[in-house]
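Asker: Structure below; questions to follow.
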Amino acid sequence: MGLGLLASRALRSSRILRSPSNGGPTYFLRTIVSTPELNNADAAAAVQGNPPPPPDLPKRNPVGGARVHFPNPDDAIEVFVDGYPVKIPKGMTVLQACEIAGVDIPRFCYHNRLSIAGNCRMCLVEVEKSPKPVASCAMPALPGMKIKTDTPIAKKAREGVMEFLLMNHPLDCPICDQGGECDLQDQSMAFGSDRGRFTEMKRSVVDKNLGPLVKTVMTRCIQCTRCVRFASEVAGVEDLGMLGRGSGEEIGTYVEKLMTSELSGNVIDICPVGALTSKPFAFKARNWELKGTESIDVTDAVGSNIRIDSRGPEVMRVVPRLNEDINEEWISDKTRFFYDGLKRQRLNDPMIRGADGRFKAVSWRDALAIVAEVMHQIKPEEIVGVAGKLSDAESMMALKDLLNKMGSNNIFCEGNGMHPNADLRSGYIMNTSISGLEKADAFLLVGTQPRVEAAMVNARIHKTVKATHAKVGYVGPAADFNYDHQHLGTGPQTLVEIAEGRHPFSSALKNAKNPVIIVGAGVFDREDKDAVFAAVDTIAKNNNVVRPDWNGLNVLLLNAAQAAALDLGLVPESDKCIDSAKFVYLMGADDVNLDKLPDDAFVVYQGHHGDRGVYRANVILPASAFTEKEGTYENTEGCAQITLPAVPTVGDARDDWKIIRALSEVAGVRLPYDSLGAIRSRIRTVAPNLLEVDERQPATFSTSLRPEVSQKVSSTPFTPAVENFYMTDAITRASKIMAQCSALLKK
Amino acid sequence: MFGRLAAQRLNEIRTAFRRTTQASRSFSTALNYHIDTPDNNPDLPWEFNDANKEKVKEILSFYPSNYKQSAVIPLLDLAQQQNGGWLPVSAMNAVAKVIEVAPIRVYEVATFYTMFNRTKVGKYHLLVCGTTPCMIRGSRGIEEAILKHLGVKRNEVTKDGLFSVGEMECMANIKKKDARILK
Ligand code: SF4
Ligand code: FES
Ligand code: FES
C-alpha cells in the first residue's frame, strides 16, 4: 500500500460529513437511508455477485459506505483500481469508480451534488496507457481501464498541484475558522511540501460582502468554483461568479449585491478552504472543542437532519447531516443560524403574575399547586389546551391525556386550524415524500410558497425543475420563486377552473406522467378549506394523480409539531372553544389568536421563550427547548425523527412532558407514565407510526375516502402563510442574526 | 552547499529583476469588481442603437436559439464599439438581457477578456505588452515613458479624454522590440 493510498485514506474530503467531536478520526460517514437494501436489491445483489478479489489483495470497502446502483444491469463495466477489479455502471467517472473500490481520491472542486468543473486538478490519477495523469473527477471510466492511484506519478502530480495551490494561499491557518476541518490543510499534510519555492509577492483579494451570514476571506480562495456552482445549481440564485483571469481570478458578484438565498449558508460547508466561513461563528470556537449531537431541526416541518455543535452549555453552531431522503446535505439559513435565539429571552423560573400585573418567580411546587387549584375550579368544557409549533409528540400526548382526564377534549395544535381533519393521514402529509418529488414532471402548488415555508422542499422542486424541466403552476399570492413557474391565479376559483378542465394548465397536468399537487398548510385556516380540498381531490382524480404506483397528492405542513399533533388526534371538540374558555394551557403556543379569549380566563404558558404567549399568561412554567431534550418530531412527509439533548437546560426549566406529568400528580389525576419509554408505549396505542424512527411511514388510505362536501369555495384569495422566512417561531424571533436577516429582507 | 549558493544567486537575480517590491496587477482594467460611479452604474439606461439592433439580430442568427448565450462575446464587442471603446455595467446588463442569462454570467466573460474595458478609456487606448520577452526587452521602461509623458497612471484617462494606457499580453510582435496597439 503506497503512501498515496495511505494518505488518501486518511483524508476525508467532504468535511461536513465528518464529525470532529469523535476524538479519533472517523473514516466512515453515516449515511441515512431508510431501507438501503430494499431500495436497490439488485444493486446489493450485483455487488455481492462480484468475483471474490484475488486472495493477495486486502478487502476494500467503498468509501463512506458508498453504494452502487445499477439502473440497467447490462450496462455494468469492469475497471481495475490499483489492480482490484470493480463493477460499476456505465457513465461513472474514474473518481466514483475509485470510491467504490475503496480509494478516496483527494479533491477540491469535485462535489457529488454539483456539476463537474475539473479545475483544481487535485484528483489526478494514473491511468495505464494514458500519457499524462488524468483528472479522475472529469474522466468517464471506460471498460477495462487500469487506474492507479498510489503510484509515484500520481503522487508527484498531486504534489505539484498542491504546491501551486499553496503558492498564493495566505497560510493563515492559526487565525482561520476553517482550521481543523479544512480540506486544504488536511491534504497538504499528505501532499504538501515543507517549504515553498515561490518567492514573489502573494496575491491578495478584496473581501466581498455577502450579507450577515457568510464571512469572506477571499485571499484564501483556491478558485474551485464550488460556491458558484452551488449558487446557480442548488440555490437557484445566479449571483456569484468567477471574475477575472489567471492569478487575478476571484469569486464575487461584480456589482455590489448580497446573496439573497435562503440556502446561502451552505456555501460555508462546501467551500473546501476558509474563504467562506460563518460570520456569526467567526472566532467563537475551534471545531475540535465542540461536542456534536445529532439532532433534528424544528424550525419548519421538513425536519432537516442537523448536528448541534456545542461547547459546555452553549450551542455554538448548527451544521447539516446527510439524509438523502430529507435534506440531502443542505440546510436552510434559518436552521443554520437561528441558534443564538436559544440564548435570549429564555424563561428560567416558574413565575406567577401578581395582582400588580408583574411576574414573580416562585418555586415549582407553588406554581403547580396554583395551576392545579384553578384547573379544578373550572368546568371541564372551559379548559382548552394549545400545543405550540415546536412541541414534540411526547408532550402533546401528555397534554392531551391530562386534559382528557380533566374531562375536556378541547386541545389543538396551532397551525392546524380549528377544525382539522385528522382522520385520514393521507390528507395532511406529503404522500409523494420529499425525495419522491424528483420523479415528478408537473407541479401544481396551491396556496403554498415552498421557498419560505419549507426551503428544503423548495430545493428539491428546484432540482427537479432544473433536471427535467417539469412544469410548475402556482395558485396563490404573488411570490418569489427561484425556478420557472406559471402564476395561474390567486384564489380557489382557479382551482375550480382547473378541476373542470377549463384552465390551460389542466392540459399540462393531464399530459404529465407523474403530476404532483402540493397544498399549503395555510389553507387549513380558511373557512372554505373543505371545498378547497374537494377541488384539489377532483383535480387529482381527473389527472390520475393518485395511482397504485404514484401518489402525487401532498400537503406541505408549516410547523414541526403539526403532523404528530394530527396523528395523535389533537382536534378540538368545538371550534369556538377559545371564545368560551376559562382556562387555557399554552404549551409553547405563541401564534394562536387569543383576541376572543374572555378577560377572566386563566392562562398558563409553558414554554422556553418569553415570546408573544407570555403577554397574556397568568402563570409561566419554564420548559426546555428542543436542543435540550429528547423528543419525537414527525416531519411533513410522515417520517418520525428524534432530537437529542445537546446542552443542559436553562435555569429551572424542565422537559415539557415532565411538567405535565408533575402537574397531573398535583392535580390528583396522575398520568400513568414516568419515563419517555412509558410515554412512547402510550403513543403506540394512538399513533404507532411515531415510534418508527427515521423511517417514513406512508399513509395507507387515500383521501378518496373523504366525505362529500357541499361547501362552495369562497372568492378570498390565498394569503401567504409565512410572512417572514427568518422569523417564524419563538426561537427565531429571539435571534439577533435572524433579525438582521429580516431587516435586509425588508429593504 | 552548491544548491544553496545557486538558490542565493537566483534570488539575487530575481530581486534585481523585480523593479518594485509591490506586485503590480496587470490588467487592462484594474479591478475585477465594479464600483458605482456617476458615469458607470447599473441605473444608467443603456440600449443598443437601431443600427446595432440589426447587427444583434444577425449575430444571434449564427447560434441555435437555445444556445443564445454563445453570442456573448460578439455582443459585448458590439456594445463596446457602440460605447466608445469601453463597457459600462449597464451595457453588460443589456447584453445579458439579450442572451437571456443572469448578468453575472456576462460579467464573468467581460472580466476574463482583457480587451473588454470595463472602465472608461481614452479615445486612444495604448496597450503596452507586459509578457516576458517584451518585458526583458524593456517594455516597462516604455510604459513608464508614456505614462510620464501623458501624466497619468496606468488605467487612467488623460484629462482631455484622448489617451489612456493599459497593459496587455503577447501580441506576437516581439520583432519590433515592443508592441503597442492603438484602439
Ligand atoms: S470561495 Fe471557497 S468554494 Fe468558492 S471558489 Fe473559493 S475556495 Fe471554492
Ligand atoms: S476534483 Fe478533479 S479537478 Fe478538482
Ligand atoms: S511578449 Fe510582447 S508581443 Fe509577445
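The values are calculated or read from the model by the stated rules, or taken from the named source; none is laboratory data. These numbers come from a predicted model, not from an experiment. Cβ coordinates were reconstructed from backbone atoms using ideal geometry, including for glycine residues, and neighbour counts include every protein chain displayed. When the accessible area is computed, the model is the full protein with side chains, heavy atoms only, and any ligands, DNA or RNA have been set aside. Shrake-Rupley method; radii C 1.70, N 1.55, O 1.52, S 1.80 Å.
Asker: Going through segment A:634-659 one residue at a time, which ones are of a type outside the set (Lys, Arg), surrounded by fewer than 21 Cβ atoms within 10 Å (Cβ to Cβ) and more than 27 Å from residue A:290 (Cβ to Cβ)?
Answerer: Within segment A:634-659, none qualify.
Asker: In this structure, does residue A:310 turn out to be within 16 Å of residue A:338 (Cβ to Cβ), open to solvent by 10 Å² or more (accessible area, probe 1.4 Å), touching a residue at least 12 places away in the same chain (Cβ under 8 Å) and more than 16 Å from ligand 2 (Cβ to nearest atom)?
Answerer: Numbers: within 16 Å of residue A:338 (Cβ to Cβ): yes; open to solvent by 10 Å² or more (accessible area, probe 1.4 Å): no; touching a residue at least 12 places away in the same chain (Cβ under 8 Å): yes; more than 16 Å from ligand 2 (Cβ to nearest atom): yes.
Taking the combined requirement at face value, the residue does not satisfy it.
Asker: Restricting to segment A:404-426, count the residues that are farther than 16 Å from residue A:559 by Cα and either surrounded by 23 or more Cβ atoms within 10 Å (Cβ to Cβ) or hydroxyl-bearing (Ser, Thr, Tyr) (or both).
Answerer: Of the residues in that region, 4 qualify.
Asker: Would you please name the residue that is surrounded by the fewest Cβ atoms within 10 Å (Cβ to Cβ), looking only at residues in segment A:170-185 that are assigned to a helix (DSSP H, G or I) and under 30 Å from the mean Cα position of the chain (by Cα)? Before the answer, list the steps.
Answerer: Let us first name the residues in segment A:170-185 that are assigned to a helix (DSSP H, G or I), namely A:173-175, A:183-185.
Remaining after also requiring under 30 Å from the mean Cα position of the chain (by Cα): A:183-185.
On the way: A:183: 23, A:184: 25, A:185: 18.
Checked segment A:170-185; the qualifying residue surrounded by the fewest Cβ atoms within 10 Å (Cβ to Cβ) is A:185.
Asker: Yes or no: residue A:267 open to solvent by less than 10 Å² (accessible area, probe 1.4 Å) and either under 26 Å from residue A:466 (Cα atoms) or at pLDDT 90 or above (or both)? Before you say what the answer is, go through the steps one by one.
Answerer: Values: open to solvent by less than 10 Å² (accessible area, probe 1.4 Å): yes; either under 26 Å from residue A:466 (Cα atoms) or at pLDDT 90 or above (or both): yes.
Yes; evaluated as a whole, the condition is true for this residue.
Asker: Identify all residues within segment A:309-324 that are part of a strand (DSSP E or B) and within 19 Å of residue A:628 (Cβ to Cβ); write none if there are none. Before the answer, list the steps.
Answerer: Step one: of segment A:309-324, the residues part of a strand (DSSP E or B) are A:309-311, A:314-320, A:323.
The answer is A:309, A:310, A:311, A:314, A:315, A:316, A:317, A:318, A:319.
Asker: If you scan segment A:213-249, which residues turn out to be among the hydroxyl-bearing types (Ser, Thr, Tyr) and near ligand 1 (Cβ under 9 Å from one of its atoms)? Reasoning before the result, please.
Answerer: Applying the first criterion (among the hydroxyl-bearing types (Ser, Thr, Tyr)) to segment A:213-249 yields A:216, A:219, A:225, A:232, A:247.
A:216, A:225 - these are the residues of segment A:213-249 that are among the hydroxyl-bearing types (Ser, Thr, Tyr) and near ligand 1 (Cβ under 9 Å from one of its atoms).
Asker: Still on this model: Across segment A:438-472, what is the number of residues that are of a type in the set (D, E, K, R) and part of a strand (DSSP E or B)? Walk me through it before giving the result.
Answerer: Let us first name the residues in segment A:438-472 that are of a type in the set (D, E, K, R), namely A:438-439, A:441, A:451, A:453, A:460, A:463, A:466, A:471.
Still in the running and part of a strand (DSSP E or B): A:471.
Of the residues in that region, 1 qualify.
Asker: If you go through segment A:99-134, how many residues are closer than 23 Å to residue A:269 by Cβ and either in contact with a strand residue (DSSP E or B) (Cβ under 7 Å, 6 or more places away or on another chain) or of a type outside the set (Val, Ile, Thr) (or both)? If you could, list the steps in order and put the result at the bottom.
Answerer: Going residue by residue through segment A:99-134, those that are closer than 23 Å to residue A:269 by Cβ are A:99, A:104-123.
Then keep just the ones that are either in contact with a strand residue (DSSP E or B) (Cβ under 7 Å, 6 or more places away or on another chain) or of a type outside the set (Val, Ile, Thr) (or both); that gives A:99, A:104-115, A:117-123.
Residues flagged as closer than 23 Å to residue A:269 by Cβ and either in contact with a strand residue (DSSP E or B) (Cβ under 7 Å, 6 or more places away or on another chain) or of a type outside the set (Val, Ile, Thr) (or both) within segment A:99-134 amount to 20.
Asker: In segment A:646-665, what count of residues is obtained for those that are more than 20 Å from residue A:732 (Cβ to Cβ) and in a loop (DSSP other than H, G, I, E, B)? Step through it out loud before you land on a result.
Answerer: Of segment A:646-665, the ones more than 20 Å from residue A:732 (Cβ to Cβ) are A:648, A:651-652, A:654-655, A:657-665.
So of that shortlist, the ones also in a loop (DSSP other than H, G, I, E, B) come out as A:648, A:651-652, A:655.
Within segment A:646-665, residues that are more than 20 Å from residue A:732 (Cβ to Cβ) and in a loop (DSSP other than H, G, I, E, B) number 4.
Asker: Shifting gears a bit: So residue B:87 ticks every box in (1) more than 10 Å from chain A (Cβ to nearest Cβ); (2) surrounded by fewer than 22 Cβ atoms within 10 Å (Cβ to Cβ) but one. Which box is left unticked?
Answerer: Condition (2) is where residue B:87 drops out.
Asker: In addition: Being more than 14 Å from chain B (Cβ to nearest Cβ), hydroxyl-bearing (Ser, Thr, Tyr), more than 10 Å from ligand 1 (Cβ to nearest atom) and assigned to a loop (DSSP other than H, G, I, E, B) is true for just one of A:188, A:193, A:204. Which residue is that? Walk me through how you get there before you give the answer.
Answerer: Details: A:188 fails: assigned to a loop (DSSP other than H, G, I, E, B); A:204 fails: more than 14 Å from chain B (Cβ to nearest Cβ).
Within the list A:188, A:193, A:204, the selection yields A:193.
Asker: Output the qualifying pairs, or none if there are none: Cβ atoms under 7 angstrom, residues six or more apart or on different chains, first residue in segment A:253-266 and facing chain B (nearest Cβ under 7 Å), second residue not in a loop (DSSP other than H, G, I, E, B).
Answerer: The qualifying pairs are A:253/B:104; A:254/A:241; A:254/A:243; A:254/B:104; A:254/B:107; A:255/B:89.
Asker: Right, another one. Checking the structure you have, find out if any residue of segment A:105-122 is more than 14 Å from chain B (Cβ to nearest Cβ) and away from ligand 1 (no atom under 16 Å from the Cβ). Talk me through it step by step, then tell me what you get.
Answerer: Kept after step one, since they are more than 14 Å from chain B (Cβ to nearest Cβ), are these residues of segment A:105-122: A:105-116, A:118, A:120-122.
Next, only the ones that are away from ligand 1 (no atom under 16 Å from the Cβ) stay: A:105.
Yes, segment A:105-122 contains a residue that is more than 14 Å from chain B (Cβ to nearest Cβ) and away from ligand 1 (no atom under 16 Å from the Cβ).
Asker: Sticking with this structure for a sec: With the condition kept exactly as written, say whether any residue in segment A:576-586 is in contact (Cβ under 8 Å) with a residue 40 or more places away in the chain, among the β-branched types (Val, Ile, Thr) and not in a loop (DSSP other than H, G, I, E, B).
Answerer: Within segment A:576-586 (the criterion being in contact (Cβ under 8 Å) with a residue 40 or more places away in the chain, among the β-branched types (Val, Ile, Thr) and not in a loop (DSSP other than H, G, I, E, B)), the answer is yes, since at least one residue qualifies.
Asker: I need the full set of residues from segment A:540-570 which are surrounded by fewer than 19 Cβ atoms within 10 Å (Cβ to Cβ) and touching a Phe, Trp or Tyr at 6+ places or on another chain (Cβ under 6 Å), in order please.
Answerer: Selection gives nothing.
Asker: Let me ask something else about it. Assuming residue A:151 fulfils every condition listed in (1) farther than 30 Å from residue A:254 by Cβ; (2) touching a helix residue (DSSP H, G or I) at 6+ places or on another chain (Cβ under 7 Å); (3) among the hydroxyl-bearing types (Ser, Thr, Tyr) apart from one, which condition is it?
Answerer: Result: residue A:151 fails condition (2) only.
Asker: Considering only residues that are within 16 Å of ligand 3 (Cβ to nearest atom) and among the polar types (S, T, N, Q), look in segment B:125-170 and name the one that is least open to solvent (accessible area, probe 1.4 Å).
Answerer: The residue in question is B:139.
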